[in-house]
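One structure below.
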Amino acid sequence: MTDTWLVVAVVAGGTIVIKASGPVLLGGRPLPARVQSVVALLAPALLAALVATTTLGRGQELVADARLIGVGVAAVALALRAPVLLVVLVAAVAAALARLAGVA
Amino acid sequence: MADDAPIRFELRRGAVTAVPLGIAVGLFGVSFGVLSATSGGMGALPAIVMSATTFAGSAQFAAASVLSSGGQPLAAIAAALLLNARYLPIGVSVAPYLTGGPVRRFLQAQLVVDESWAIAAQGEGRFDSSRLVGAGIVLWLCWVGGTIIGAIGGEALGDPTVLGLDAAFPALFLALLVGQLGSRLAVVAALLGAGIAVALVPFTPPGVPIIAAALAALIGLVRR
């Protein structure tokens, strides 16, 4: 419980500082181009890592289970331009059905 | 008084434009509440407090997912803050258009999220701060309200794996990722990031592979 609150507090504090630093500290000066080009790629790199680890990771093991089926269905839904909530919903339903059918 | 009229008009215009997005953000908040309350990551009250104080969806999901996979608090914090590093250039882009003293600018900056930033954009790098504030307030209310509904409802749902909720996390990150793949370099960074993370899973504690994937962003330094 204490660990959870630590994460909540530090992430909130850090995010507030990040959001404010441009408008309050830098006062409208631009970021150096090299910094900007690295920062722009952080979100795609980290989100892809999260997709991979939450699909395949179980502790320190890599496993292919019902989650993989759920994510595959989600990818199809995204390709069909479904709204995010529907994407999440079909992924969960597909994984649950796969488990019912005996997939780990 | 007459001088306030255009500001109020833009405030209201921002708020009205944000309503359809607000519904989507609210539903997104519901899924954050449900996942945080059920998957053993966080619990209902911390999830609600986090939505109210952090107000950044993907970072919150990242922290919750690292915690639920048994990662260290430090790994959860690092993953979330690295994801939010994108608000540094976003904040810089709106900075010249925010008005008032440091306190007011500070508060306006907190209402910047991807969606309010997009609504406030007026083309050619210009932004309307009143529209930003109007949209930001609507989106914040929807995000926090959705989280409360999801967190309270989620606690009643039971075992997340039976419901397939563990597949909801990667599906959600995939949806967020698609919105970030605007350039070829972004696609390369994503593939590289995923590769680094998968390669490290067997050898490091949970959470560390995600932080290491940040190294993929260094390809931004390659001269084109």
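Things to note:
- On the principal axes of its alpha-carbon atoms, segment B:46-168 has extents of 49, 28, 26 Å, going from largest to smallest.
- Close amide-amide hydrogen proximity is noted between B:Phe127 and B:Gln122, each under 5 Å apart and 5 or more residues distant or on a separate chain (H modeled in the peptide plane; Pro and chain starts excluded).
- Calculated diffusion of chain B, Stokes-Einstein form, Kirkwood radius summed over Cα pairs, 25 °C and 0.890 mPa s, µm²/s: 131
- Distance from segment A:53-103 to segment B:165-224 (C-alpha centre basis), Å: 18
- Average Cα contact separation per residue, segment B:1-124, under 8 Å, 6 or more apart, as relative contact order %: 22
- Secondary-structure-derived ellipticity at 222 nm for the protein assembly as shown, considering helices only, amounts to -22500 deg cm²/dmol, per-run term -39500 (n - 2.57) for DSSP H runs with n ≥ 4.
- Relative contact order computed over segment B:140-224 (Cα-Cα under 8 Å; 6+ residues apart), in percent: 21
- Computed as a quarter of the hull surface, the mean projected area of the alpha carbon convex hull for the protein assembly as shown stands at 16.6 nm².
- Stokes-Einstein diffusion coefficient of segment B:51-101, Kirkwood radius over Cα pairs, 37 °C, 0.692 mPa s, in µm²/s: 269
- Available extension along the chain between A:Leu97 and A:Gln36 is 17.6 nm, counting 0.36 nm per residue and deducting the alpha carbon span.
- Size of segment A:42-95 from its Cα atoms: along the principal axes, largest to smallest, the extents are 32, 28, 14 Å.
- Mean projection area, nm², convex hull over Cα of segment B:17-62: 3.1
- B:Ala24-B:Thr53 FRET efficiency (beta carbon distance; Förster radius 22 Å; 0.05 resolution): 0.55
- Total formal charge among the other residues, if their Cβ is under 14 angstrom from that of B:Ala121, Lys/Arg +1 and Asp/Glu -1: -2
- Binned Cα-Cα distance frequencies in segment B:152-206 - 5 Å width, integer %: 4, 15, 15, 19, 17, 14, 10, 6, 1
- Treating each Cα of segment A:13-103 as one equal point scatterer and applying the Debye formula with no solvent, the log10 of I(q)/I(0) at q = 0.26 Å⁻¹ comes out as -1.27.
Read-outs throughout are calculated quantities, based only on the coordinates presented, and are distinct from any laboratory measurement. This is a predicted model, so every value here is computed, not measured. When we count neighbours, we look across all protein chains shown, and the Cβ atoms used for this are built from the backbone with ideal geometry, even at glycine.
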